[in-house]
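For reference, the structure is listed below as structure tokens.
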């Protein structure tokens, strides 16, 4: 065997080093279990943070929609009073808010994706911790039995392999979770610093102008609609 | 032969399957030495499929020393390079 026997040699060499340091495998198992529970808690907290960020953005959307409604009422009133200039200003503000709303909705969608991913990691980790809890008890019992029989040979080596394997599985789950958490935290930071919102603004001047022109057309159309509504069209 | 797939558990593999495993293992070594990411991933998938398909799973409660240990199924090319380069023969 080529590669695979290398792998075995490396693994066994590492394992014997670990075993030399470990005086009581039962304590190690308990410590490992405690670490896993802490990890799970931290994933849950992170998930809650992402949900909170999303809620903040959703509240912002509600507030902006309220403002839009208020501005439309103001435009209507202005038209009733024959002040078309004021109506145009109000509708322009309404259009600007619409652009902010589009940006916010995009961000909310992004956070929803992160939330789903974190929830998947949480479920996976939860299942692993649960499986470990059961396995831990079996291993502890087996270790005691092996100790009682003073059987240091095969069973002890098998047990140490199991231990190393289980801790490796947890380490991998932790690494993946850390990656997810880092990504979620980065999004949070972007939202808080407003960079994400800036990023949604088109950098291209032509596009910006087209957007403005679009908003102006929208303002004109709404003005016509309101005029008709108040019977001045 | 008792084979452990890290993070998964142990299997018992016997007979012709061992020859096949040996062949796949050589191909995997070649792919890794050549820096062939796709080749490594393909061979590794085949190795795992062979063990899972033709081997018999040992219960977790049976404590036996493995003759062969395989990396975790989601081991990437980079991780494999790092893992195997620790063996005293230049791979990279």
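Read the figures in this text as sums done on the coordinates, not as results from a lab. If you're wondering where the values come from, they're calculated on a predicted model, not measured in any experiment. FYI the Cβ positions are ideal-geometry reconstructions off the backbone, even for glycines, and counts take in every protein chain you see.
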Quick one: of the DSSP bridges fully inside the protein assembly as shown, what percent are antiparallel, nearest 5? 65
Between the stretch B:15-88 and the stretch A:49-92, what is the C-alpha centre distance in whole Å? 62
More than 18 angstrom separation, counting every C-alpha pair in the stretch A:13-117; what % is that? 69
Running Debye on the protein assembly as shown with equal point scatterers at the Cα sites and no solvent, what base-10 log of I(q)/I(0) appears at q = 0.11, 0.13, 0.16 Å⁻¹? -0.83, -1.02, -1.29
Taking the simple approach of a point 7 Å from Cα along Cα-to-Cβ for both residue B:82 and residue B:42, what is their distance in nm? 2.6
On a full-extension model of 0.36 nm per residue, what is the gain between residue A:218 and residue A:64, subtracting their alpha-carbon distance, rounded to one decimal in nm? 53.7 nm
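Report the extension gain between residue A:171 and residue A:42 in nm, rounded to one decimal, defined as 0.36 nm multiplied by the number of residues separating them, less their alpha carbon distance. Spell out each step's value before the answer.
Details: separation 129, 0.36 × 129 = 46.44 nm, distance 1.49 nm.
Fully extending the segment from residue A:171 to residue A:42 adds 44.9 nm.
Can you list, largest first and rounded to whole Å, the semi-axes you get for chain B by taking the square root of 5 times each eigenvalue of its Cα gyration tensor?
Here the semi-axes work out to 23, 14, 12 Å.
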With a point put 7 Å past each Cα toward its Cβ, work out how far residue B:49 is from residue A:99 in nm, to one decimal. 5.4
On a full-extension model of 0.36 nm per residue, what is the gain between residue A:204 and residue A:55, subtracting their alpha-carbon distance, rounded to one decimal in nm? 50.5 nm
